[in-house]
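Student: Structure in structure tokens, see below.
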Amino acid sequence: MDLNNTGKFMSLILRHKPETIGIELDGHGWADVEELIGGIAKTREFNRRVLEEIVRRRKRRTVDRLYQKHKKQKGGSLMETWYYEVVSIDGDYANLKRTDTASGDLKLVARALLPAEIMEGTKLKYEMMQYEMI
């Protein structure tokens with residue numbers, strides 16, 4: 001299986017042509033993960049494990065590129081570290097609240113970007129564009 005081509009196909013679907021696999025994006029441009037997996041699986045070998053591997057690889061490449069660009073421009077660290085608590089989980093998304101600031105705003109994050117073991121009340125650290133449980 002060519003994960004690079006599958007990732008490009010997934011990007012095409014999510015950015016431009018969800019109808020290619022018979023799915024619709026919601027009003028905010030989000031796709032239901034199970035519908036995405038089922039739709040892509042009709043065209044090639046694809047499951048949640050493949051999706052997670054594509055996301056993991058793309059995150060690492062993106063972080064590496066951003067880090068190198070930032071280092072060339074400014075030097076120093078790439079990003080600040082932020083702390084969150086999982087307030088609620090709704091299907092494929094989780095609502096996170098920053099715990100290191102007084103802000104009451106919630107951040108909606110796709111669960112595919114979070115550790116699989118999260119539950120309401122889980123404490124997270126966000127650093128270098130990745131979430132980890134603490």
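The values are calculated or read from the model by the stated rules, or taken from the named source; none is laboratory data. Here the structure is a predicted model, which is why all the values come from computation and not from measurement. We place every Cβ from the backbone using ideal geometry, glycine too, and count neighbours over all the protein chains shown.
Student: Filter the range 69-86 down to residues that are surrounded by fewer than 14 Cβ atoms within 10 Å (Cβ to Cβ), at pLDDT 75 or above and of a type outside the set (Ser, Thr, Tyr), then give me how many there are.
Tutor: Residues in the range 69-86 being surrounded by fewer than 14 Cβ atoms within 10 Å (Cβ to Cβ), at pLDDT 75 or above and of a type outside the set (Ser, Thr, Tyr): 0 in total.
Student: List pairs: first residue in the range 24-35 and farther than 13 Å from Asp92 by Cα and assigned by TED's automatic domain parsing to the domain that holds Leu51, second residue not in a loop (DSSP other than H, G, I, E, B) and not acidic (Asp, Glu) anywhere in the structure, Cβ distance under 9 angstrom, at least six positions apart or on different chains.
Tutor: Pairs found: Glu24/Pro18; Leu25/Leu14; Leu25/Pro18; His28/Leu108; Gly29/Leu14; Gly29/Arg15.
Student: State the number of residues belonging to the range 94-134 that are in a strand (DSSP E or B) and without any contact (Cβ under 8 Å) to a residue 24 or more places away in the chain.
Tutor: Within the range 94-134, residues that are in a strand (DSSP E or B) and without any contact (Cβ under 8 Å) to a residue 24 or more places away in the chain number 9.
Student: Within the range 1-23, track down each residue that is in contact (Cβ under 8 Å) with a residue 24 or more places away in the chain and surrounded by fewer than 12 Cβ atoms within 10 Å (Cβ to Cβ).
Tutor: Across the range 1-23, the qualifying residue is only Met1.
Student: Go through the range 24-47 and give me each residue that's assigned to a helix (DSSP H, G or I), under 18 Å from the mean Cα position of the chain (by Cα) and either hydrophobic (A, V, I, L, M, F, W, C) or surrounded by 14 or more Cβ atoms within 10 Å (Cβ to Cβ) (or both).
Tutor: Of everything in the range 24-47, those that are assigned to a helix (DSSP H, G or I), under 18 Å from the mean Cα position of the chain (by Cα) and either hydrophobic (A, V, I, L, M, F, W, C) or surrounded by 14 or more Cβ atoms within 10 Å (Cβ to Cβ) (or both) turn out to be Val33, Glu35, Leu36, Ile37, Ile40.
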